[in-house]
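Novice: Structure incoming, see below.
Every number in this text was worked out from the coordinates using simple rules, so none of it is lab data. Treat the numbers as computed from the prediction; the structure is a model and nothing was measured. Cβ: placed from backbone, ideal geometry, glycine included. Neighbour counts: every protein chain shown.
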Amino acid sequence: MSVPKLRSFVLDTTDARRLAEFYRHLLGLEYRPGDEPPASSDEPEKEWLVLLADDGSWQLAFQQTDGITPTTWPDDAVPQQMHLDTAVDSKAELDRQHERVLSLGGTLRFDRSDDPEEPLRVYADPDGHTFCIFVG
């Protein structure tokens with residue numbers, strides 16, 4: 001029996017380029033050919049952008065929409081519904097990535113970096129989608 005393969009995770013956003021740039025820098029991804037930023041401000045922005053993993057095994061896509069309701073997690077008013085998990089090798093790298101996330105425009109939502117078994121932090125991207133960075 002064959003099963004579908006997950007190829008892309010898609011995030012709705014009110015600014016596809018801004019969010020693509022956030023994740024491009026955060027995760028070291030590259031644009032799919034043709035999705036790079038326009039050469040001039042006269043060119044219209046695309047409403048669908050794709051970033052590729054270096055081995056081509058998965059992609060992160062951004063779909064322009066008129067509005068989204070950012071998650072309020074850990075408050076339950078607007079649950080996170082889905083989130084991205086990312087990992088680093090050490091607590092020192094977790095702390096280094098914390099500074100990077102903040103400098104890129106992410107916000108800290110939950111800090112469990114002092115947990116001896118699984119240090120982690122949960123952030124929101126500029127549109128309010130949550131993602132974790134943990135040691136593992």
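Novice: Between His25 and Ser2, what's the calculated FRET efficiency when r is the beta-carbon distance and R0 is 41 Å? Round to 0.05.
Specialist: So the FRET efficiency works out to roughly 0.70.
Novice: A further question on this structure: Using the charge dipole of the chain (Lys, Arg: +1 at Cβ; Asp, Glu: -1 at Cβ; taken about the Cα centre), state which of Thr72, Ala124, His83 has its Cα farthest towards the positive end.
Specialist: After comparing all options, I get His83.
Novice: Within region 60-122, list the GluC sites (Glu not before Pro) lying in a DSSP loop whose Cβ has at most 14 other Cβ atoms in a 10 Å radius.
Specialist: Here the sparse-neighbourhood loop sites are Glu117.
Novice: Using Cα atoms only, what is the angle between the long axis of helix 16-27 and the major principal axis of the chain, expressed in degrees (0 to 90) to the nearest 10?
Specialist: 50 degrees
Novice: When the chain is modelled as a GNM with alpha-carbon springs shorter than 10 Å, which of Val50, Val101, Val88 fluctuates the most?
Specialist: Per the Cα network of the chain with a 10 Å cutoff, Val88 tops the list.
Novice: Could you check which residue among Ala61, Ala124, Ala39 shows the biggest mean-square fluctuation in a GNM of the chain with a 10 Å Cα cutoff?
Specialist: Looking only at Ala61, Ala124, Ala39, the largest GNM fluctuation is found for Ala39.
Novice: With both partners inside the chain, how many of the DSSP beta bridges are antiparallel, as a percent to the nearest 5?
Specialist: The answer is about 60 percent antiparallel.
Novice: On to the next question. Please report how far the C-alpha centroid of region 112-126 lies from that of region 20-71, rounded to the nearest whole angstrom.
Specialist: Centre-to-centre (Cα) distance: 25 Å.
Novice: Report, in degrees rounded to the nearest 10, the 0 to 90 angle that the Cα long axis of helix 91-104 makes with the longest principal axis of the chain.
Specialist: Its long axis makes an angle of about 40 degrees.
Novice: Taking the Cα atoms of region 1-130 alone, what are Rg (to one decimal) and Dmax (as a whole number) in Å?
Specialist: 16.0, 52
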